[in-house]
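Beneath this line is the structure, given in structure tokens, with notes to follow.
The values are calculated or read from the model by the stated rules, or taken from the named source; none is laboratory data. The model shown is predicted, which means the values in this text are computed figures rather than measured ones. Cβ placement follows ideal geometry from the backbone for every residue including glycine, while neighbour counts extend to all protein chains displayed.
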Amino acid sequence: MIFSYRKLLVRLRYMLLFMALTVILYQVMFVLSGWIQPVNKYRTPTGKSVKVFDQQEHVLLSDKGSMSQRLRLFYWYGE
């Protein structure tokens with residue numbers, strides 16, 4: 001079997017180039033994803049906005065009333 005070192009070097013060069021471009025593309029996508037995402041999407045709103053959900057006031061479903069009342073509210077509000 002005859003090996004051509006020139007072809008082997010060309011293929012190795014293309015493989016290294018492909019791997020380097022893959023790593024560069026990955027790093028660019030990583031930087032762009034960090035730039036697009038907000039810093040803290042669960043922070044307390046500023047200005048005139050109000051945070052709707054308060055995590056300290058947990059109410060169990062059994063405390064809201066009977067099953068028929070909860071079902072009636074479910075159909076009334078459509079949630």
Considering only the stretch 28-38, I want to know if a residue exists there that is modelled with pLDDT under 75, surrounded by fewer than 10 Cβ atoms within 10 Å (Cβ to Cβ), hydroxyl-bearing (S, T, Y) and part of a helix (DSSP H, G or I). no
(1) modelled with pLDDT under 80; (2) on the phi > 0 side of the Ramachandran plot: which one isn't true of V50, the others all being true? (2)
